Structures are given as structure tokens and as C-alpha cells.
Amino acid sequence: VLPEDILIEVFMQRHIPENYMSHENLRLSFYKSLSSAQGEDEINQIQYHLTNRFGPLPRPVKNLIQECRLRLLAAQVGVLSLRSQGCGLVCKIMQKDSPEFIASFLEYMGGFFTTQGVDFHLLPKSGTGMLVCIHIPHETDKYTLLSLFFDKFKALA
């Protein structure tokens, strides 16, 4: 799965505010750079340039950058999308035909989220992916939880 093919919509506010960067063309250029970043180093460089040129990152920019980082991690483990929807974060995972993979994944997910105090449930299958709805409490740092989940999920993928 290529990072640019993955849809990540975790945070409500994820943009570069006009009062942070007033020139529209420059904002568009940074959006393009972030969306096409192929690695952590590229995202770090973009973040450095933003901070160096415009000052500390406001929350919507931090959210945007965190979603870009999650997109890279998601690509490594076969996650097709991660979106805030009705009941929580809906994660669409590329389903492999192997019953062993599905059993391992469900066991891993159950163990991981239970130890984190996070509820989840499976949703009806959608096309080529397995859907899981994750109920992350409001006070929990979504980025840290999801990046840890994806990082540990790499061993199964």
C-alpha cells in the first residue's frame, strides 16, 4: 500500500491557518510537500522549515503533521484508511486470505487495546478490507496510541 493511497482523518482540525501562513500559494506548497512525503525524515524537514520560518506550530498544523506520520505507518502495515466516524475511529485493514493472519491480528488487537483501556468492535466487511471501530477516550493522545499500535502491528503484517 502506498502512503498517498491511504486516507487518514483522525483529527477534526488539521490545516495550516491563514494567521500562521498568510500566503495561499505557500500554504498549498506545504500541503503538497506533506502529502507527498515518503519518509519520517521528509516530514521532520518540513516541520523544521515551518517552525523555523513561521514559529511554533499551532494545534491544527501539529494535527496535520501527525496524520502524515500515521499515513506512513499505516502504509507499512496494510491499513487502507483511518477515519473519525459515528462511533469512533474506523480502521480499514487490508484483509489477507490467511485465517492465521486474521486470528493473529484479532488476538493482537484484543490484547493491545485491552491493556490500553480502549474498546473496539468489528464492523461488517467492506470490499477488500476488514473494518474495526476503535473507541479512543477523549483524554487519550490519539497519535501516540495509534502510532504505538501500528508500530507493534508491523510484526504481524
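Backbone geometry of segment 76-88 corresponds, through the Karplus equation with coefficients 6.51, -1.76 and 1.60 at θ = phi - 60°, to 3J(HN,Hα) couplings of 5, 10, x, 7, 8, 7, 8, 9, 6, 9, x, 8, x Hz, x marking Gly and Pro.
Per residue, the accessible area of the chain comes to 55 Å², computed with a 1.4 Å probe over protein heavy atoms only. In segment 30-112, taking the dipole from charged Cβ atoms about the Cα centre, the farthest positive-side position among 87, 37, 57 is held by 57. In this calculation the C-beta distance from residue 154 to residue 20 is compared with R0 = 41 Å, giving a FRET efficiency of 0.75. For the chain, a crude dipole built from +1 on the beta carbon of Lys and Arg and -1 on the beta carbon of Asp and Glu, taken about the Cα centre, is about 220 debye to the nearest 20. Treating each Cα of segment 69-140 as an identical point scatterer and summing with the Debye formula, the log10 of I(q)/I(0) at q = 0.18, 0.22, 0.27 Å⁻¹ comes to -0.74, -1.12, -1.50.
Take 112-121, 94-103 and order them by the average number of nearby Cβ atoms within 10 Å per residue, most first; the result is 112-121, 94-103. Between residue 108 and residue 48, the modelled labels are 3.2 nm apart [label points 7 Å from Cα along Cα→Cβ].
For the chain, adding -39500 (n - 2.57) for each run of n ≥ 4 DSSP H residues and dividing by the number of residues yields -16000 deg cm²/dmol at 222 nm. Modelled label positions at residue 83 and residue 101, each set 7 Å beyond Cα in the direction of Cβ, lie 2.3 nm from each other. The simple spin-label model puts a point 7 Å past each Cα toward its Cβ; for residue 138 and residue 1 those points are separated by 2.9 nm.
On the accessible surface of the chain, probed at 1.4 Å, how many percent belong to carbon and sulfur atoms? Summing carbon and sulfur atoms, their accessible area is 51 percent of the total for the chain. Between the Cα long axis of helix 142-153 and the first principal axis of the chain there is an angle of about 50°, rounded to the nearest 10.
The values are calculated or read from the model by the stated rules, or taken from the named source; none is laboratory data. Every value quoted in this text rests on a predicted model; they were computed, and no experiment measured them. Here Cβ is always computed from backbone atoms with ideal geometry, including for glycine, and neighbour counts include all displayed protein chains. Keep in mind that these areas ignore ligands, DNA and RNA; they rest on the heavy atoms of the full protein, side chains included. Shrake-Rupley method; radii C 1.70, N 1.55, O 1.52, S 1.80 Å.
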